[in-house]
Amino acid sequence: MRPDNSTNHANLVFKSPCYGKTSLNGHKLPLVTDSWQRCIKAYGLDPAENHTPSVLDSLALKEHQEKAGALLNIARLEIENLFKSISSSGYAILLTNAEGIIISRLCDPTLDKDFRKAGLWLGADWSERNEGTNGIGTCIAERKAVTIHRNDHFRSCNTKLSCSASPILSPMGELLAVLDSSSANCRESRPSQSHIQALVRISASLIERSLFLTEYRNEYLLHFHSQHECVGLHNDAVLAISEAGKILSVNHNALELLGKLRRADLVGRSINEVLDTSPSTLELRTSKHIKNVWHIREVRSGKQFFATLSREEKPSRWSPPPVSPNPASSNPSVYHGPSLNAIAGEDPKMVHNIQCALRVIDKGIPVLLCGDTGTGKEAFAKAIHANGARKDQNFVAINCASIPESLIESELFGYSHGAFTGAKRQGMKGKIIQANGGTLFLDEIGDMPVHLQSRLLRVLEEKEVCPLGCEKSVAVDFNVISATHRDLNQLVIQEEFREDLYYRLNGLYLTLPNLRDRQDKERLIYQFFALEHNSGERVTLDKVALERLLDYPWPGNIRQLKNVLRVAIALCNDDVVRLADLPSQITDWSPEDEPLSEVETGSNILIEERHSAIGSEPTENANNMLESAEREALLMALASHCWNITDTAASLSISRATLYRKLKKYGLPPSKPK
């Protein structure tokens, strides 16, 4: 701060043409006015100062990201969806923590240089104290959604920006993060930003909801709303209730519907003090799986709501799930596999995917699944089908990449008698007609030949198909789920995929995480372990083998895991799978072989560029002191947890892979020295 110049500085700022900008109705925006006053009086900032963005080094950034690990996993999908909605307008999507540090960013690669020049990059500090009035910092200060447009920004170097930000609150109402959409060179008017702000607010609300439902998924979750059709949607009210009937937490919508200003007015109270229900009623409805909407009243006012109840039972940490045989079916294409909740496990991103899928089932909305090979896209598609009203009808899958191009047309659309040389005498029903009444799953849709894409689009639009050699079309009705490991948007740009078909298939876009990124790997290992061995055997998994399975990066994802467990169970002696029973690519692998993640690599590049631009490097002494302190901290943590890598990593809030890299960096052994 510069107290000696505060008076002159204040006069200069309040005479500035951008001070006290007006709103749409001509009145001053108090939010901007208040922020400018904080910048002057509390922070002593100068709007004309030649300012260099403050950016964390790669290690500090990584620590912030790891602290926000659960949030990043849950928010990633919504950030991607928001980016797809507005990226064509030149906006970047930013996620910061409660301190204003950018921990995640998505932007058009062609505009990356502009956003870096503006200081909108990973590790940058956009708190109000550092950058003055801006979308992120002012949102943190005000704890509400804001739009800071061009000259609203305090620093003159930021007046080309237009930023719309919305806070993300924890289940207990604490500020957790900020979701922001920014344009680096906005030439549009303020009214044009209202649409952007609305999209950001909705996305932030969806992230908050996912955080809440994930945090309390093992408790009673009472969803309610004054309108029947809104129950279960993103804007409904939710109470988390313990088995004893105590209210554990409430979301913002619940506070509004119940007329409460503070969570403290509700949290800790018995549910029967607030709504006319009881713990025994909640237990009865969940034990009998009653899912219908029922009427419920507020005790104080008598106001009526519509409500539903859900609760997910959490399996024991070390107990593999029981193996139950699939029921027989006269129709082999009817699916009887795991439910959506079983597939979701305990990974936040998968839980979010399931919540989204459950909302669109039976609504005629196409689903597009994206993910690397082996992430379980077909299993996910089958589970969606099994949870819908068409579950007793056919689930028909076709892999667009594995069928020869010359045969894919007849496989999809079928043909009549004599349609071509070599055709079956009785003709053949195509996959589309076989799926009539059920679900058609188009796997690897990105590999479908372009000339067939127009025919598929016509089928989807007109809901009828004309087999080869036929003059009469056949009416069809089915749900469509597509999957791909390719970037369809990029294929559209390269004119390898029809844009109109892309938008027809891209109703609900879900990304399935790689196995290495899932937070429930241990549960998955035990789940597949139980499914792979015969139910009559008592095969167990040695803990050393488990540790190696948890550490391994699994480039082949879930498919590779299942194959490894199948072979290990077949090879093991005395019904115990040990390290020696695992394949060599796993036993010979070392955590040191794992490359830096994309985020870590990008962060290092950013920091190197920043140091180069500023012309300064951390001093050698400072580096040595920091490294020595971190090494000592690692040793203390390892000693306190008896060199248990899993427990040590958890205590430090970092991943096991990160801990192994730090051990290698400081020359420390991965196990306790003898």
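Just so you know, all these numbers are worked out from the coordinates, no wet-lab data involved. The shown structure was predicted, so the numbers you read here are calculated from the model rather than taken from an experiment. When we count neighbours, we look across all protein chains shown, and the Cβ atoms used for this are built from the backbone with ideal geometry, even at glycine.
Which value in nm describes the separation of the simple spin-label points at residue 647 and residue 373, placed 7 Å from the Cα toward the beta carbon?
The modelled label-to-label distance comes out at 4.1 nm.
Report, in listed order, any pair from 246/382; 543/664; 84/363 with a Cα-Cα distance greater than 27 Å.
Violating the 27 Å limit, Cα to Cα: 246/382.
May I ask you to derive the relative contact order of region 515-593, considering only C-alpha pairs under 8 Å and at least 6 residues apart, and to give it as an integer percent?
Once normalised by length, the contact order is 37 percent.
Largest first and to the nearest Å, give the Cα extent of region 25-73 along each principal axis.
Taking max minus min along each principal axis of the Cα atoms, region 25-73 gives 43, 30, 18 Å.
For region 219-310, compute the orientation-averaged projected area of the C-alpha convex hull (one quarter of its surface), in nm².
5.1
Under a plain spin-label model, where a point goes 7 Å from the Cα along Cα-to-Cβ, how far apart in nm are residue 590 and residue 632?
Going from the residue 590 label point to the residue 632 one covers 2.9 nm.
Starting from the amide H of residue 397, placed 1.01 Å from N in the peptide plane, find each other amide H under 5 Å away whose residue is 5 or more places distant or on another chain.
441
Give me the number: length gained by fully extending residue 230 to residue 540, i.e. 0.36 nm times residue separation minus the C-alpha to C-alpha distance, one decimal in nm.
106.9 nm
Kirkwood Rh, region 108-228, all Cα pairs: how many Å?
Radius from the Kirkwood sum: 15.7 Å.
Provide, as a two-decimal number, the C-alpha radius of gyration of region 340-511 over 2.2 N^0.38 Å, N being how many residues it has.
Scaled against compact globular proteins, the figure is 1.04.
Given points 7 Å out from each Cα along the Cα-Cβ axis, report the residue 474 to residue 300 separation in nanometres with one decimal.
6.2
Give 429/463; 349/391; 260/349; 391/472; 521/672 a once-over and call out the pairs whose C-alpha atoms are over 22 Å from each other.
Beyond 22 Å: 349/391; 260/349; 391/472; 521/672.
Once the convex hull of the C-alpha atoms of region 475-527 is built, how many Å³ does it hold per residue, rounded to a whole number?
Considering the Cα atoms of region 475-527, their hull volume per residue is 131 Å³.
Long-range amide H contacts for residue 168: which residues qualify at under 5 Å (H placed 1.01 Å from N, peptide plane, sequence gap of 5 or more or a different chain)?
Close amide H contacts, sequence-distant or interchain: 176, 177, 178, 179.
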